[in-house]
1. Going by C-beta contacts inside 10 Å, put R365, R307 in order with the fewest on the left.
2. Whole-Hz ³J(HN,Hα) for each residue in region 200-214, computed from phi via Karplus 6.51 cos²θ - 1.76 cosθ + 1.60 with θ = phi - 60°, x for glycine and proline: what do you get?
3. With a point put 7 Å past each Cα toward its Cβ, work out how far E379 is from A432 in nm, to one decimal.
4. Using alpha-carbon pairs under 8 Å, 6+ residues apart, how would you state the relative contact order of region 367-497 in percent?
5. Given a cut-off of 29 Å, name the pairs among K134/K530; K366/K435; K106/K167 whose C-alpha atoms lie farther apart than that in the structure shown.
6. How do M175, M429 line up, fewest other C-beta atoms within 10 Å first?
7. If neighbour count is taken as other Cβ atoms inside 10 Å, put D155, D161 in order from fewest to most.
8. Please list, by residue number, every one of the trypsin sites (Lys or Arg not before Pro) in region 127-177 that is coil in DSSP and has at most 16 other beta-carbon atoms within 10 Å.
Amino acid sequence: MANYSEYDKERICGHVCEGSQKRITAMSTKKDRSNPDSSVDTANNSGSSHSSTSYNPNVRRSQGRYLVPISPYGWYRVLVYSQYSGYTVEQVMEKLREAVAPRKLKYYYLHEGGEQDVERDKRATFTFYVDSYKLAAELQLRGHQPPVVGLRVNDRPPLIDVDEAYKWKLRKVIMSRYDEKRRCLNLCRFYADDQWKGEFCALQQFECFAATMDIMERELPQLRRLLLDNNHMCHLGGFRGVDQRLPRLHSISLQQNDLKTLRELRVFQRLHLTELSVKRNLLPRNYEQQVLVMFPSLCMLNGRCVRRSPSIHTVNVSESDADSIHNTDSDVELVSVTEVKPIVLPEPRVTFLAFHDLPMPMGVRKFVRRYIKAFDGDERITSLERFYQEHVLVSLTLAKEHAMLGSWTGPYAVYSRQLLACREATLDMFAAWPKTLHLPGTMTLDLTLVEPLMLCVSITGSFEENGSASHRRHYMRSFVLTRKAETDDFRIANELIYLSRVGRGERQPPLLNPLQRNLVSLMSTETQLKLRWSSKFLRDTNWDYQQAMLAFHTLLRQRQIPENAFRCDTKTEPNP
């Protein structure tokens, strides 16, 4: 592999050109000071310079106005505003080709409309990407031709849709970088691989990294070493569950990335790591000791051997014995070493699914979603009939502290503490319940038992009666699902229901701790969402920043986020 890629050469050339431009500007400024009339003559003759104290709209601005920020990936987003020009996309592209001639205009991912990840990029007529800094700077300098065509270039990378064809190409590139003899996968500068020429792939993007983890789990179960240097990674939430997906992984290298806190490394605590390298990141000073505490099994840190003092048992020594020890000429030194073993708490999850070796997919989430939708629908009895066995057993229990208070227990108290032993009686009970609306943000799901012919599922959450937020109930329901050997459809054979009234304190949103407030502020800054919507994304994903950003980008591509969810105080560039 060469020392400098094509992107690095263009980046160096860009700096050289920029420096030359600054020297030329300084020389011209010096000349203007000695001869005040020269600037006027130059402006009239060439129309390429302007006065430093006044702005002439008829004079073309200098190149400094059009400098494009350097992208770490070498890809640049070009947004074109031509909705009022009357030109088609092909006609505008032809004008841009003439503007950058004799340089060839090679573009990728052309599509109509803007990009939804940034507020100011939404209103473009069409968008495309280039993978050359020189071409991006040329477009920024010569492509902007108001009022006919407006053009703006920034350093944001493409938003990739990871489909089956993309996953096939991703698998091919990953397998070409795998060393089977050493069981080592080298993904250093993965975005700059020669096989990605003309395509974009960055592990920092959530969809790409999730697909990469799936491929490693399926194709490389014996993986032991993973190199992720120079990938501009700042979040490692995609490694969640890596101890189950890659249990033999013991060496990870994350050099020259953008990690800012040690909190990102907690996803590796359940691995038996012996080697870890996090050099040249944005971590706080003296982080090494904290890393050693997080990973007691670590033997190599940043390429250096870790020396740990052996634990020495402390012995109570009397004063007389201590005096005799000090009076002897012994070279023995008494040292007390305290080993700190971090407590690794289980990862909080909104959903827990028990592991199983069954060849058939369980589809528990899909079953629960359909059941809740049927329960909240207008045809509750007809829709729920197919979910229950004919001789189902159902029991309902109400909270003791509220069982005798208020009128809310009216629809439920008649059936409380009774064993309903058939499907008809169960459906009659549900028919007596008021119309409900289950709140997805409060729901948790646990799959605690998996057998070939039986599942045990528990769900908790809240629902509203008759669409009123003041009539909210808390529920906990446990299902035992069974099926026959010749069928694949599970049905409810046993159900336990527990209901209680949500108190006033439970209706109020809980106060955020400092860490949660920082996550909300960070997500709002990166996505331009309002704080309320950023908090909603994080709450719905149990404060997993990685999953919240993944959900945001998924809904953004599907255009399911309303406009009022974004902040209005961001200054957007007017349409040309």
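1. R307, R365
2. 10, 8, 10, 5, 5, 6, 4, 5, 5, 5, 5, 5, 5, 5, 4
3. 2.5 nm
4. Relative contact order comes out at 24 percent.
5. Those over the limit are K134/K530.
6. M175, M429
7. Ascending Cβ contact count within 10 Å gives the list D161, D155.
8. R177
We did not get these values from a lab; they are worked out from the coordinates using the rules stated. Computed from a prediction, not measured in an experiment: that's the story for all the values here. With ideal geometry, Cβ positions are generated from the backbone for all residues, glycine too; neighbour counts draw on all protein chains shown.
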